[in-house]
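Structure first, then comments.
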Amino acid sequence: MTYFTHVSGKGVSLAAMIAGATLAQPALADDVLAEAKAIVEQGYAGLYEAPPETGPAAVTDKTIWYISCGQAFVLCAQQAEGFAEAAEHLGWEISIQDGKATPSVASDIIRQAVAAKADGIAISAFDCPGIKSALLQARAEGIPVVSVQSIDCSADVFGSEEPLFTASVNMLGSTDARDFYYRFGELRANYVIARTEGQGKVISIAETSQQVQQMNHKGFMDTIAKCEGCEVAESTFNFGQVPSPATQIWQSALLQNPDAVAVEYGIDALMELGLQTAVRQSGRSDLVVGGGEGFPNNFDLIRRGTQTFSIALPFKWFGWAVADTMNRVQAGEDPTEMPNQGTGFIFVDAEHNLPEPGELLEPKLDFRAAYLSVWNG
């Protein structure tokens, strides 16, 4: 995959930028640190790829149901809001439904959409096996289902069965959500290496129940392993343990590793679900603390010095990407040949990219204008 930083309206391949500094094997400690610092500087500018430049005009007058991963979660609600924005420009009638982070609920909604004879169903962050019977019903009725941040039944981790999503959103060159999250983990590791000068112990908090979070952690671990002066203490939990006993698990990790210089995690929401308490009770004000997603509450924590950094995701862009993919399916494009919808990441800390209090961070790339130029023909 290729990742771009958007600077002054130009997309520049990050891979190309650092290709001239390709590291010898085994990599030297100074080389790893230099590369990490270079990536962080590009991350401040924004590591984005642009949406497609060509495609079908808006296929209007469609009824599309959108199943949110859970409207109680900021990232899910923002994706749904982005989809609604895009759908208005596409001339669709939409129904935003709350999947409540529960596959059985999402399955029931799919069946309701089938019964209502919807023209299409979009779904966020529900893997195929948990909603398989409902997907089979939608396919039997000829109703396309487009997924984002979901893993299809054809994935190796699910036995390489037949794919049941009509199309999956291609982000950063892959329709497999695990690839996006692997890159997410790589970037956090580079920030930690750069911020700690490649020295010291890092407590890495890893969620174990979701495939994408496993890859999120793997991306971090594979990258931090290149840092000779870094040591990792893993602290594992699953979402069913939040906030308790997860908070106690994190407190124990901090107590057992008093020499840690950093705490990293891939889920910013954890700070509001017990992790902030664990960090505060450790009495360690010198820790590098950070993760990713990028919510207003986390930006406030950065302002107060409780959190050090966040790698923010463009949630509304994800919703527009789903809409464009659905529009292409409605226009009859090959679902297996969906173009790269772009998206990406931006690094936020006290000195870089903090938005106004209470606001989400908008990408430094006008993705809306890019889509509208295609849809308007």
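The values are calculated or read from the model by the stated rules, or taken from the named source; none is laboratory data. The structure presented is a predicted model; accordingly, all values stated were derived computationally and were not measured. A quick note on method: Cβ atoms are made from the backbone with ideal geometry, for glycine too, and the neighbour counts reach across all protein chains shown. Side chains are part of the model used for accessible areas, which takes the heavy atoms of the whole protein and leaves out ligands, DNA and RNA. Shrake-Rupley method; radii C 1.70, N 1.55, O 1.52, S 1.80 Å.
Over the chain, Cα pairs under 8 Å with separation of 6+ residues give a relative contact order of 22 percent. Quick one: angle between helix 246-256 and the longest Cα principal axis of the chain, in degrees between 0 and 90, rounded to 10, please. Once rounded, the angle reads 20 degrees.
Of the listed pairs LYS62/LYS364; LYS100/LYS364; LYS37/LYS364; LYS100/LYS132, which have alpha-carbon separations greater than 28 Å here?
Details: LYS62/LYS364 31 Å; LYS100/LYS364 31 Å; LYS37/LYS364 20 Å; LYS100/LYS132 17 Å.
Where the Cα-Cα span goes over 28 Å, the pairs concerned are LYS62/LYS364; LYS100/LYS364.
Per-residue Karplus couplings for the stretch 53-59, computed as 6.51 cos²θ - 1.76 cosθ + 1.60 with θ equal to phi - 60°, are listed in order as 8, 9, x, x, 5, 4, 8 Hz, Gly and Pro entered as x. Please find the FRET efficiency linking HIS352 to SER174, where r is the Cβ-Cβ separation and R0 is fixed at 41 Å, and quote it to the nearest 0.05. Step by step, r from the Cβ atoms, then E = 0.90.
Net charge near GLY91: determine it from the other residues with C-beta under 9 Å of the C-beta of GLY91, scoring Lys and Arg +1 and Asp and Glu -1. Could the numbers behind the result be given before it?
Numbers: positive: LYS62; negative: ASP61, GLU88, GLU93.
Counting the neighbours of GLY91, the net charge comes to -2.
Per residue, what accessible area does the stretch 237-377 have, given a 1.4 Å probe and all protein chains present, in Å²? Mind dumping the intermediate values first?
Values: 5330 Å² over 141 residues.
On a per-residue basis, the stretch 237-377 sits at 38 Å².
With K and R counted +1 and D and E -1, the other residues having a Cβ less than 14 Å from that of GLY274 yield a net charge of -2.
Mind ranking 65-76, 224-235 by how tightly packed they are, going by the mean number of other C-beta atoms within 10 angstrom, highest first?
Numbers: 65-76: 21.9, 224-235: 17.6.
Result, highest mean Cβ count within 10 Å first: 65-76, 224-235.
The chymotrypsin sites (Phe, Trp or Tyr not before Pro) found in the stretch 261-359 include none that occupy coil by DSSP while having at most 10 further C-beta atoms within 10 Å.
The GNM of the chain, with springs linking C-alpha atoms under 10 angstrom apart, assigns the highest mean-square fluctuation among GLY290, GLY200, GLY358 to GLY358.
For ASP349, neighbours were defined as the other residues whose beta-carbon sits under 15 Å from its Cβ, and their charges (Lys and Arg +1, Asp and Glu -1) total -1. Annotation note: trypsin sites (Lys or Arg not before Pro) in the stretch 44-142 located in DSSP loop regions with a Cβ neighbour count of at most 12 within 10 Å are LYS117. Ranking VAL145, ALA118, TYR191 by Cα position along the charge dipole of the stretch 116-216, where only Lys, Arg, Asp and Glu carry charges on their C-beta atoms, puts TYR191 farthest toward the positive end. Entry note, the chain: the mean residue ellipticity at 222 nm calculated from DSSP H runs of n ≥ 4, each adding -39500 (n - 2.57), is -12000 deg cm²/dmol after division by the residues and rounding to the nearest 500.
Across every pair of non-identical alpha carbons in the chain, the mean reciprocal distance, once inverted, gives a Kirkwood radius of 21.3 Å.
Take every DSSP beta bridge with both residues inside the chain and express the antiparallel ones as a percent of the total, to the nearest 5.
Values: 14 of 50 bridges.
Approximately 30 percent, going by the DSSP bridge assignments.
Applying both filters, DSSP loop and at most 16 other Cβ atoms within 10 Å, to the GluC sites (Glu not before Pro) of the stretch 92-182 gives GLU141, GLU161. Looking at the stretch 103-228, the accessible area is 36 square angstrom per residue; that uses a 1.4 Å probe and ignores ligands, DNA and RNA.
Using packing as a proxy for protection, rank 205-214, 254-263 so that the peptide with the highest average count of other Cβ atoms within 10 Å comes first. Can you show the working numbers first?
Values: 205-214: 18.4, 254-263: 16.8.
Highest-to-lowest ranking by the protection proxy: 205-214, 254-263.
Distance from the C-alpha centroid of the stretch 215-258 to that of the stretch 152-181: 26 Å, rounded to the whole angstrom.
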